[in-house]
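**Q** First the structure, which I've put down as C-alpha cells, then a few questions once you've had a look.
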Amino acid sequence: MKNKMVRSSKRYFSLFLSFLLVFCLIGCSPSNAQPDVTDTEIQPSPDSEEVISDAEILGKIDDNGKPIYDFDEFVNGEWRSKYVGSDSHLSTENEMYDLYFSRMKDILVTTDLSTLDEESGLFKVITLYNEMCDISDASDRMETIRKYYNCIEQVNSLGDLYSLLSSDIYTNNDYVFRFEVIPNYYGLNSLYYQPKRLTEFVNSLKTVLDDPNDDQGELYRTFFQDLGYSEERVEEIINNGLKIGALVDSYLDDLSEWYVYWDAEILSESGVDVPVFSILNGIQNLENSNYFYADEDLPKFLNEVYTSENLDALKDCLLIGSTWVMFYSGCEQYFEDDIYDTSDDYVHFLLYYAPDVMSVEYMKRYGSDDLLKDINSLILDIKKAEISIVSDSEWLEDSTKECIKQKMSRMTQYIGENGHKFLLGDFAFTGDTILDLIELKSLYCSFERGQLVFEGSNRAPFGNGIIDANAIYSPRYNSLVVYPPYICDPLYTESDTYEERLAILGFILAHEIGHSIDRSGIEFDWEGLNESFLSDSEIEAYNSMMQSVSDYLDGLKCEYDKPIPGDTKLNETVADLIAMETCLRVLADREEADYDLFFRTYARMKREYYPEDSFDIYLNDTHLTSKPRINFILAQFDEFYETYDIDESSPYFVPEDQRLRIF
C-alpha cells in the first residue's frame, strides 16, 4: 500500500488545484461570531408594486391563448432572435462584466492624480497605466524584453536552469515548476506542487501564427522577428512547448486520489535529482519552506521532465511563459491602423495583478453602506431558508442537521474585496515599463505565497482578481465571496422589488451557499476542514439522489438538440436545485409574493445566445446551458406550474411525483 497521507478526491483536487485562484477571493471584515441565522428576523425589504389581480396575471402570461410550451422561449425568444447567425456568445453576465470593465477603465483614465497620495496603491496603478499607454519608449521596452529573453537563452545546463527558476521574475512565468498556496486537509495554508497545462495555449499560439489574417498572429510574428527569431526557431519553440506540455498533461490526467507529504529527505529517498528546496528557498516568501504536497507519482514526473535531453525544451517553455510581455511592448508601433486596442490589455493586466486596489476604488464609487446592508439582509434570508430545507429533510439525522446549521451560521461572507489585500505598498517604479510590469507580477505572486504564514482564524480568501460577474463558495474557508460587477450593476442597484433582487442576485447567493452542502462541499465542516459529518446511511441516500439527478439529465437534450452530459453538469445542477427551492421558500414567507415577476426575472438573468460552431465549449462546461437551466430547473417546482398552469403538452413537464429534490 502506498503512503496515502493527504486524502482528497481526484475530481476535487484536479479542479480545486487548477482553479484555486478562482475559488479563494474577496473579503470585507469577516466575523467569526455571526448571528445564528435561525434566531434572527428577516430584514424588511421594499415591497413589490401593487399586487396584480389573477385576471391581470393570466393576461400577462397568455401565449396567444395557449399554455406556455417553452418558458425560456416565451421570456427570451424575442431577445435571442436578434442574434441568430451571430458568431458571438451573448449573456446578461457578459453585459454586466462589460459595464464593470468600462467603469474600471474610466477610473484609470479620468482620475486626477494630483488628488491622490503618491504612496497610495491607486496612484501607483494609474501611473503604471499611463506609463503603459505612453509608447514613446517602445524601443527601450523591446530592448528590455530582448535582455530578458537572452537570460533564458543563455542557460547551458540544468544547474543554470535551476538558478534561473529561483529568481522571482522567472519562476512566475514557468509552467512546469509551479507551486500554489492551498489550505490542506488539516485546514492549514500549505504549499502544493501544481504544474500548469500549456498544450492548449501553445496550440492557440500556433494557430494564430499560422493565420496570415490574424491581427494577434501578426503581433506575435512581428514580436519574434524583432527579437531575432527566425520562423524555423519559432516553430522549434512551439514543438518544444508541445513536447513538455504532453508530459504535464499526462501527469495531471493521472493524478491519484491521494496527495502526499514531501520533504527533502523523502525526495532524496525517492531518487529525485531536482534540487526542489534549493530552488524554493531562493524565491520570496518561500525561503523557509521545508515541505509541500504533491501527487505520489511526483518523482517519476520530475525525473522524466528534468533531464539534459529536455533542457532546450524546458528553456523554450520559459520563453512561451514569458510571451505575455509582448502585449506591453508598445506594439501599437507595428500597426498603421488602430486595429488592436492595447489599452484594454493594460486594464486587464491591472485588474488581475492589482485586484484589491481596483476593487476597493470600484466599491467606493459604485457601492454604498445601504447596498451592503441590503445584500447582507438578502444573504440572511437565504441562509435561513436553506437551513429550513435541511431541517425538513427526512433522511438527515438531527446531529447532521445541527452541523449544517452551524456551518451556514458561521459561514463568513466577503462582499466586493479580498480577505487579505494586495495594496502595492512594496511596489516601487524602476523607470523601465517592462521591468515595472514584471516587478508588479512578481510582488503579486509573492503576496499569494505569503499566505503560508496565516493559520486558523487568520486564514481568509485571497488572490482572486475580482473580475468575475458572479459569486463563489470556498469550502476550505467556509466562505461566501461576492464579486463587485454583480452587486454594483444597475440591474441590481436599480431594481425596485424584492422579487427582482432575489432573482438577480439572491439565486446566485443561494446557489453558492448550496455548494456548501453539495457532494463536494458537504465533506467540509464549518472551519473548512475535510471532516464529513454524514453517516454511512446518509451518504448512501445522498449518492442515490445524486445518481437520480445525473440520470435525469442524461435523458435530456439542450440547445441544437445536443444531449446533456449528466455527470459533467451534476454538481452545478444540484446547486441550482437547492438555490431555486431556497428562493421559493424565501418568497413563501413574504406576503403577496409576485412569483411571475420572480420567474421572469430569473429567466432573463439566465438567457444566453450560443453560436452553433462553438456550442460544445458551453455544453462541456459544468453549468447547464441557458435553456435547460431555465426550463429544466423551473420544471421541478410546484410553484412554477401553479403560476403558469403548465400542462403535459410542454416537453419540460415533469409529473409531480417525479420532480427532483435534494433534501
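The values are calculated or read from the model by the stated rules, or taken from the named source; none is laboratory data. The structure presented is a predicted model; accordingly, all values stated were derived computationally and were not measured. Heads up, the Cβs are rebuilt from the backbone with ideal geometry, glycines too, and the neighbour counts pull from every protein chain shown.
**Q** Looking only at segment 411-427, count every residue that is part of a loop (DSSP other than H, G, I, E, B), closer than 17 Å to E512 by Cβ and of a type in the set (A, V, I, L, M, F, W, C) and tell me the total.
**A** Total satisfying the criteria: 1.
**Q** Let me ask something else about it. Report whether or not S393 is hydroxyl-bearing (S, T, Y), part of a helix (DSSP H, G or I), in contact (Cβ under 8 Å) with a residue 12 or more places away in the chain and at negative phi. It would help to see each step written out before you state the result.
**A** Numbers: hydroxyl-bearing (S, T, Y): yes; part of a helix (DSSP H, G or I): no; in contact (Cβ under 8 Å) with a residue 12 or more places away in the chain: yes; at negative phi: yes.
Spelling it out, it is not the case that S393 is hydroxyl-bearing (S, T, Y), part of a helix (DSSP H, G or I), in contact (Cβ under 8 Å) with a residue 12 or more places away in the chain and at negative phi.
**Q** List every residue pair whose Cβ atoms lie under 9 Å apart, where the two residues are 6 or more positions apart in sequence or sit on different chains, the first residue falls within segment 90-102 and is farther than 16 Å from H623 by Cβ and not assigned by TED's automatic domain parsing to the domain that holds T493, and the second residue, located anywhere, is part of a helix (DSSP H, G or I) and of a type in the set (D, E).
**A** F101/D344
**Q** Moving on to the next point. Does F447 meet the test of being within 17 Å of D168 (Cβ to Cβ) and part of a loop (DSSP other than H, G, I, E, B)?
**A** no
**Q** Please work out if I508 is within 22 Å of H623 (Cα to Cα), surrounded by 20 or more Cβ atoms within 10 Å (Cβ to Cβ), at pLDDT 95 or above and in contact with a helix residue (DSSP H, G or I) (Cβ under 9 Å, 6 or more places away or on another chain).
**A** Yes.
**Q** A further question on this structure: Out of curiosity, is I522 crowded, with 17+ Cβ neighbours inside 10 Å, under 27 Å from S409 (Cβ atoms) and hydrophobic (A, V, I, L, M, F, W, C)? Break it down into steps so the answer makes sense when it comes.
**A** Numbers: crowded, with 17+ Cβ neighbours inside 10 Å: yes; under 27 Å from S409 (Cβ atoms): yes; hydrophobic (A, V, I, L, M, F, W, C): yes.
Taking the combined requirement at face value, the residue satisfies it.
**Q** Scan segment 619-645 for residues that are of a type in the set (S, T, N, Q), under 19 Å from A593 (Cβ atoms) and either at pLDDT 95 or above or within 25 Å of the chain's Cα centre (by Cα) (or both) and jot them down. It would help to see each step written out before you state the result.
**A** Of all residues in segment 619-645, those of a type in the set (S, T, N, Q) come to 620, 622, 625-626, 631, 636, 643.
Now drop any that are not under 19 Å from A593 (Cβ atoms), which leaves 636, 643.
If the condition is that a residue be of a type in the set (S, T, N, Q), under 19 Å from A593 (Cβ atoms) and either at pLDDT 95 or above or within 25 Å of the chain's Cα centre (by Cα) (or both), then Q636 is the only one that fits.
**Q** Residues F429, F454, F447: which one is touching an Asp or Glu at 6+ places or on another chain (Cβ under 8 Å), outside the structural domain of E523 (by TED's automatic domain parsing) and modelled with pLDDT of 90 or more? So that I can check it myself, show each step before the final result.
**A** Numbers: F454 fails: touching an Asp or Glu at 6+ places or on another chain (Cβ under 8 Å); F447 fails: touching an Asp or Glu at 6+ places or on another chain (Cβ under 8 Å).
Just one listed residue meets the conditions, F429.
**Q** On the basis of being closer than 27 Å to Y542 by Cβ and surrounded by fewer than 21 Cβ atoms within 10 Å (Cβ to Cβ), does L624 make the cut? Spell out how you get there, then give the answer.
**A** Working: closer than 27 Å to Y542 by Cβ: yes; surrounded by fewer than 21 Cβ atoms within 10 Å (Cβ to Cβ): no.
So L624 does not fit the description; no.
**Q** To continue, here is another question. List the number of the failed condition for S163; all other conditions in (1) modelled with pLDDT under 95; (2) more than 31 Å from the chain's Cα centre (by Cα); (3) over 23 Å from T342 (Cα atoms) hold.
**A** (1)
**Q** OK, next. Listed residues G321, G271, G282; which is crowded, with 20+ Cβ neighbours inside 10 Å and small (G, A, S)? Step through it out loud before you land on a result.
**A** Values: G271 fails: crowded, with 20+ Cβ neighbours inside 10 Å; G282 fails: crowded, with 20+ Cβ neighbours inside 10 Å.
Of the residues listed, the single one that is crowded, with 20+ Cβ neighbours inside 10 Å and small (G, A, S) is G321.
**Q** Of the residues that make up segment 613-620, is at least one surrounded by 18 or more Cβ atoms within 10 Å (Cβ to Cβ) and closer than 30 Å to V390 by Cβ?
**A** Start the filter on segment 613-620 by keeping residues that are surrounded by 18 or more Cβ atoms within 10 Å (Cβ to Cβ), which leaves 618-619.
Narrowing further to those that are closer than 30 Å to V390 by Cβ: none.
No.
**Q** Would you mind finding the one in D344, D316 that is under 30 Å from the mean Cα position of the chain (by Cα), closer than 30 Å to D226 by Cβ, at pLDDT 95 or above and of a type in the set (D, E, K, R)? Don't jump to the end; show me each part of the working.
**A** On the way: D344 fails: at pLDDT 95 or above.
Checking each option against the conditions leaves just D316.
**Q** Out of all the residues in segment 399-434, which are of a type in the set (A, V, I, L, M) and touching a residue at least 40 places away in the same chain (Cβ under 8 Å)? Before the answer, list the steps.
**A** Within segment 399-434, the first condition is being of a type in the set (A, V, I, L, M), and the residues that meet it are 404, 408, 411, 415, 423-424, 428, 434.
Once the filter is applied, which keeps residues that are of a type in the set (A, V, I, L, M) and touching a residue at least 40 places away in the same chain (Cβ under 8 Å), segment 399-434 yields I404, M408, M411, I415, L423, L424, I434.
**Q** Here is a follow-up. Is there any pair with a first residue in segment 631-642 that is assigned by TED's automatic domain parsing to the domain that holds A588 and a second that is of a type in the set (V, I, T) and not in a helix (DSSP H, G or I) whose Cβ atoms are under 6 Å apart and which are 6 or more apart or on different chains, and what are they?
**A** A635/V654
**Q** Which one is nearest to the chain's Cα centre (by Cα) among residues in segment 646-662 that are modelled with pLDDT under 90 and surrounded by 17 or more Cβ atoms within 10 Å (Cβ to Cβ)?
**A** Filtering first and then ranking leaves Y652.
Okay, residues lined up against (1) surrounded by 17 or more Cβ atoms within 10 Å (Cβ to Cβ); (2) modelled with pLDDT of 95 or more:
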{"site": "N94", "(1), (2)": "no, no"}
{"site": "M104", "(1), (2)": "yes, yes"}
{"site": "I107", "(1), (2)": "yes, yes"}
{"site": "L113", "(1), (2)": "no, yes"}
{"site": "L122", "(1), (2)": "yes, yes"}
{"site": "D134", "(1), (2)": "no, no"}
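**Q** Against the conditions (1) buried (at least 20 other Cβ atoms within 10 Å of the Cβ); (2) in contact with a strand residue (DSSP E or B) (Cβ under 8 Å, 6 or more places away or on another chain), where does L556 fall short? Just the number, please.
**A** Result: L556 passes all but (1).
**Q** If you don't mind, another one. What pairs can you find where one residue is in segment 435-457 and over 19 Å from G121 (Cβ atoms), the other is among the aliphatic types (A, V, I, L, M), and their Cβ atoms are less than 6 Å apart, with a gap of 6+ or different chains?
**A** Between residues of segment 435-457 that are over 19 Å from G121 (Cβ atoms) and residues that are among the aliphatic types (A, V, I, L, M), the close pairs are R449/V181; R449/L286; L452/V181; E455/L188.
**Q** Among the residues of segment 334-341, are any surrounded by 14 or more Cβ atoms within 10 Å (Cβ to Cβ), in a helix (DSSP H, G or I), among the hydroxyl-bearing types (S, T, Y) and touching a Ser or Thr at 6+ places or on another chain (Cβ under 6 Å)? Lay out the reasoning, then the answer.
**A** Start the filter on segment 334-341 by keeping residues that are surrounded by 14 or more Cβ atoms within 10 Å (Cβ to Cβ), which leaves 334-335, 340.
Subsequent filtering for residues that are in a helix (DSSP H, G or I) retains 334.
With among the hydroxyl-bearing types (S, T, Y) added as a condition, the list becomes 334.
Subset that is touching a Ser or Thr at 6+ places or on another chain (Cβ under 6 Å): 334.
Yes, some residue in segment 334-341 is surrounded by 14 or more Cβ atoms within 10 Å (Cβ to Cβ), in a helix (DSSP H, G or I), among the hydroxyl-bearing types (S, T, Y) and touching a Ser or Thr at 6+ places or on another chain (Cβ under 6 Å).
**Q** Of these, L165, L191, L227, L161, which one is over 18 Å from V276 (Cβ atoms), crowded, with 16+ Cβ neighbours inside 10 Å and touching a residue at least 12 places away in the same chain (Cβ under 8 Å)? Explain how you work it out, then say what you get.
**A** Numbers: L165 fails: over 18 Å from V276 (Cβ atoms); L191 fails: over 18 Å from V276 (Cβ atoms); L161 fails: over 18 Å from V276 (Cβ atoms).
The conditions single out L227.
**Q** Additional query: Can you work out which of the residues in segment 230-245 that are polar (S, T, N, Q) and either free of Cβ contacts under 8 Å to residues at least 40 places away in the same chain or closer than 14 Å to N150 by Cα (or both) is surrounded by the most Cβ atoms within 10 Å (Cβ to Cβ)?
**A** Step one: list which residues in segment 230-245 are polar (S, T, N, Q), which gives 230, 239-240.
Then keep just the ones that are either free of Cβ contacts under 8 Å to residues at least 40 places away in the same chain or closer than 14 Å to N150 by Cα (or both); that gives 230, 239.
On the way: S230: 10, N239: 13.
Checked segment 230-245; the qualifying residue surrounded by the most Cβ atoms within 10 Å (Cβ to Cβ) is N239.
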